[in-house]
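The values are calculated or read from the model by the stated rules, or taken from the named source; none is laboratory data. Keep in mind it's a predicted model, so treat the numbers as computed, not measured. For neighbour counting, all protein chains shown are included, and Cβ atoms are generated from backbone atoms with ideal geometry for every residue, glycine included. With ligands, DNA and RNA removed, areas are computed over all heavy atoms of the protein, side chains included. Shrake-Rupley method; radii C 1.70, N 1.55, O 1.52, S 1.80 Å.
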Amino acid sequence: QVQFVESGGGLVHPGGSLRLSCAASGSIFSIYVMGWYRQAPGKQRELVATIRTGGFAVYADSVKGRFTISRDNDLKSVYLRMNSLKPEDTAVYYCNRSPVVSDYWGQGTQVTVSS
């Protein structure tokens, strides 16, 4: 089964930027639609952005214009560039296929936006 390792989170002030990375295992990564998800304390996990194998991306309204998802199929990696961060972006961020096809999730990476 494909596994994911997320990294790049941290503590940032409002208005700041971060770039998250997700390294995937598996030989057929390039055909997957991939997504970044996030889960804030006390809330359900939500889909933030998706990207198709050819690079077509879709964003949640809450992050549109601020976040950019990208992928490198040769490196089996997905990235999330986050600009103009807000306190409400605070969450654990995960990558996974879209739609999710199993109950497997990586460990995620914590993003905290606070002054």
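Residues in the stretch 69-101 that are out of contact with any strand residue (DSSP E or B) (no Cβ under 9 Å at 6 or more places or on another chain) and either open to solvent by less than 60 Å² (accessible area, probe 1.4 Å) or hydrophobic (A, V, I, L, M, F, W, C) (or both): ASN73, VAL101.
Matching residues to (1) on the phi < 0 side of the Ramachandran plot; (2) modelled with pLDDT under 95; (3) in a strand (DSSP E or B):
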residue: VAL5; (1), (2), (3): yes, no, yes
residue: CYS22; (1), (2), (3): yes, no, yes
residue: PRO41; (1), (2), (3): yes, yes, no
residue: GLN44; (1), (2), (3): yes, no, no
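Residues in the stretch 61-114 that are in a loop (DSSP other than H, G, I, E, B), over 17 Å from SER21 (Cα atoms) and of a type in the set (D, E, K, R): ASP61, LYS64, LYS86, ASP103. Being more than 18 Å from MET82 (Cα to Cα), of a type in the set (A, V, I, L, M) and in contact (Cβ under 8 Å) with a residue 24 or more places away in the chain is the filter here; which residues of the stretch 31-55 pass it? VAL33 - this is the single residue of the stretch 31-55 that is more than 18 Å from MET82 (Cα to Cα), of a type in the set (A, V, I, L, M) and in contact (Cβ under 8 Å) with a residue 24 or more places away in the chain. Among the conditions (1) part of a strand (DSSP E or B); (2) in contact (Cβ under 8 Å) with a residue 12 or more places away in the chain; (3) not basic (Lys, Arg), VAL58 misses just one, which is (2).
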